[in-house]
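The values are calculated or read from the model by the stated rules, or taken from the named source; none is laboratory data. Only a predicted model underlies this, so the values are computations on that prediction, with no experimental measurement involved. Using ideal geometry, Cβ is built from the backbone for each residue, glycine included, and neighbour counts are taken over all protein chains shown.
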Amino acid sequence: MNAKTPVSEPLSEAELDQLSDFLAGLRSPSALTLEGVDGLFSALIAGPQTVLPSEYLPLIWGGELPDENAFASMEEANATLSLIMRHWNSIVSELEVDSVHVPLVFEVETGAVPGREWARGFMRGVELDRSGWNELFGSNEEGQLITIPLVAGEIDPEWPHEALTEEKGMELIQWMGAGLARSYRHFARKRREDARRVGTQSDPLRRATPKVGRNEPCPCGSGKKFKRCCGNSATPTH
């Protein structure tokens, strides 16, 4: 392992549950689950461009974080943002060290497609730079990567045409992980070039977890000050 590579400790089971519960409470129909966030982050980290929290947080919330979902306090907001950033950093560490991140996929009901929320989160990240991804998706050598839009339901909305066996479901998840690893290696040079273009020496999202001040712009991307948006402790909860 490269001594300069920062290693971020993965979230504990309790922390994953805490973050999952918060995401499950978001009222936007476009909000992502924890599985979807893992897919989104995987695409953004592996992709060709640097993506900032102000760009990806609205994708998680499903738009601007609505008042009924605003954090009760700055402490709660910073704690939740810390979990989100740490999960991002743990994926970065895994891909940098081993070029492998196993998709965070949860069990599904009988007849449902395992990994579908992960795949849809991944494709939401791809949409931020569709032109950058098109050549890779179109390559005949990237059959495993094509598994991701297939599982997401973008290639054939009626797929699968018969129930998947548990073995086939596990195989699909492995293929998605392999497609992610291939993408991460493929775009390595472009990510470095983009980092230099924006004036950074490395991925700016690998810095220490930021603390948000009350008068700073809210990282959710709304354009409001934090105290008047996600950090509005006076916002009523429903």
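Here are some notes:
- Residue within the stretch 161-171 that is among the basic types (Lys, Arg), part of a helix (DSSP H, G or I), without any contact (Cβ under 8 Å) to a residue 60 or more places away in the chain and touching a helix residue (DSSP H, G or I) at 6+ places or on another chain (Cβ under 9 Å) present: no
- Candidate set from the stretch 24-64 (those that are in a helix (DSSP H, G or I) and acidic (Asp, Glu)); member that is surrounded by the fewest Cβ atoms within 10 Å (Cβ to Cβ): 55
- Residue identified as part of a helix (DSSP H, G or I), under 15 Å from residue 172 (Cβ atoms) and in contact with a Lys or Arg (Cβ under 8 Å, 6 or more places away or on another chain) among 108, 151: 151
- Of the set (1) at pLDDT 90 or above; (2) of a type in the set (Asp, Glu); (3) more than 14 Å from residue 35 (Cβ to Cβ), all apply to residue 142 but (1).
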